[in-house]
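Below: the structure, in structure tokens.
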Amino acid sequence: MQKTASLNRRHFLRSSSALIALPFLESLGFRRFASAAPAARPPKRLIFLALGWGITEESWYPDIQKPGANYLLPQGLKPLERHQKDFSVVQGLWNKFSDGGHWGSTMWLTGANRFAQPGQSFHNSISADQVAAEQLGKETRFASLQFNGAKLSEGLDGHGPGLSLAWDPSGKPVAGLDGPTAAFQRLFAPDHTPVEKQKAGLLQKRSVLDAVLEDAADLQRRLGKTDNQKLAEYFQGIRDIETRLSKEEQWIGVPQPKAPLGEPKAGLAGFEEIKVMYDIMLAAMQTDSTRVLSYRMPVESLLKSLDVKVFPHDMSHYHTTRAEKLDASQKRDEAQSKLLAGFLDKLKATQEADGSRLFDNVALAYGSNLRTGHELSNCPTLLAGGAAGLKLGHSIVAPKNTPLCNAWLSLLHGVGVKAERHGDSTGPLKEILV
């Protein structure tokens, strides 16, 4: 009888100069053979999708007086009807320190107090996705991936300050990839730079860091307390760069995975852009390029693609003069829900090596720090996916003024991230757990 080689969950091709990670392959997992050991469980993934300018509260939230499993799906979420048993809408959550009336995502994942540092008008802290990336990103090429709308650099779209949804341990913004083309190329464009040249480039960067650290250490001895605190933040930034360089070193010589989709057309905007970005996020998970993703979605280009003439900021104030502003807001909600429904379709249709659905191994949060206009209470929050042990198919009403970070703490725990607290959390949000 022929012996079968023992294979790990992730498989590699070895040569004298490179170690090449293979994707998850059914045939190597022996999923089809009853006599063999079952395939290892797929990794858990965490996804955050942020809306700019909030939602239309009258037609997006379920009736707060009738929570539970048999709730009536409101018009703004109607396109998600086929998935109603697989997501929950949570009301009553907020970031109590947030006061930026146009900031839909700046503090969304951090829960920080912007005035926490005396004498400073802006302060932030680490975002939930980056907390997850520190632990879930150890085995993947990218610890996390941040995506933005292609036109986001031209306007904040109701999201507020930041380069993406992500903020590092020092509360500094983490850059994102603008649009489908940049995202696709970052994931799948091959790097033809010779390995030795890549190593030399990284060595040069490390030499520069070493020189900077030496100068900074000498300067530190001559500074006062306040300046030393500022320098400590600087050192944290240097450590973050060192971490990224170490990650790059691990993957030198490992080719980019083959893309499971074609390169997107240039110039995509609005509805089609978001649709393709969801496809790219799906591909990133299929190839195990990362397990933590976030997407700061565009609004202005979405409205234009829907042939809506109302300016996004005006639309967010539909309650002042309703008419076409209210119509624009509701069209925006329904389009975003339709796009999310398509993404959930694909997460459910994508099979993992062990036979489960990708949806079963994902925890997904969809929402905003803004409710509507300048309102920052009752943050719109939709949770989906089977990875975090969430109660799905429910309209859930949390106690009034419950920290949004309680939900993020629950998601972190659910995907296996060890964290005692996050932001202004007071504990896991028991109402959303099975």
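Under a Cβ-Cβ cut-off of 11 Å, what is the net charge of the residues other than ASN95 that fall near it, where Lys and Arg count +1 and Asp and Glu count -1? Don't skip to the end; give the middle numbers.
Details: positive: LYS96, ARG114; negative: ASP99, ASP424.
Its environment carries a net charge of 0.
Given H placed 1.01 Å from N in the peptide plane, which residues other than close sequence neighbours of THR402 have an amide H under 5 Å from its amide H?
Here TRP94 satisfy the definition.
Which peptide among 77-88, 250-261, 47-58 comes first, and what is the full order, when sorted by highest mean count of other Cβ atoms within 10 Å? Working shown, then result.
On the way: 77-88: 17.6, 250-261: 14.4, 47-58: 24.7.
Ranked by mean Cβ neighbours within 10 Å, highest first: 47-58, 77-88, 250-261.
According to the square roots a ≥ b ≥ c of the eigenvalues of the Cα gyration tensor, what is the shape class of the stretch 273-328, taking rounded for a/c under 1.5, prolate for a/b larger than b/c otherwise, and oblate for the remainder? All intermediate terms of the calculation are to be shown ahead of the outcome.
Details: a/c = 4.82, a/b = 2.91, b/c = 1.66.
It is prolate, given that a/c is not under 1.5 and a/b is the larger ratio.
Could you give the distance between the Cα centres of the stretch 358-394 and the stretch 124-194, to the whole Å?
Centre-to-centre distance over Cα atoms comes out at 20 Å.
Lysines within cross-link reach of LYS85: Cα-Cα under 29 Å, excluding same-chain residues under 8 positions apart?
LYS44, LYS66, LYS275, LYS331, LYS338, LYS346, LYS348, LYS391, LYS400, LYS418, LYS430
Can you run phi through the Karplus equation (6.51, -1.76, 1.60; θ = phi - 60°) for the stretch 267-281 and list ³J(HN,Hα) in whole Hz, with x for Gly and Pro?
x, 5, 8, x, 4, 5, 4, 5, 4, 6, 4, 4, 5, 5, 4
Ordered by packing density, taken as the mean number of other Cβ atoms within 10 Å over each peptide's residues, highest first, how do 173-179, 264-270 rank? Could the numbers behind the result be given before it?
Working: 173-179: 19.7, 264-270: 15.6.
Ranking, from highest mean packing down: 173-179, 264-270.
How much net charge surrounds TRP60 when only the other residues with a Cβ under 11 Å from the Cβ of TRP60 are counted, with Lys and Arg +1 and Asp and Glu -1?
On the way: positive: LYS78, ARG332, ARG371; negative: GLU57, GLU58, ASP333, GLU334.
Taking every Cβ under 11 Å from that of TRP60, the sum is -1.
Taking a label point 7 Å from the Cα of ASP63 along the Cα→Cβ vector, which residues of the stretch 370-394 have an amide N closer than 17 Å to it?
394
Can you list residues from other chains, or at least 5 along the same chain, whose modelled amide H is less than 5 Å from the amide H of GLY171?
Amide H neighbours of GLY171: ILE126.
We did not get these values from a lab; they are worked out from the coordinates using the rules stated. Source: prediction; values computed, not measured. We place every Cβ from the backbone using ideal geometry, glycine too, and count neighbours over all the protein chains shown.
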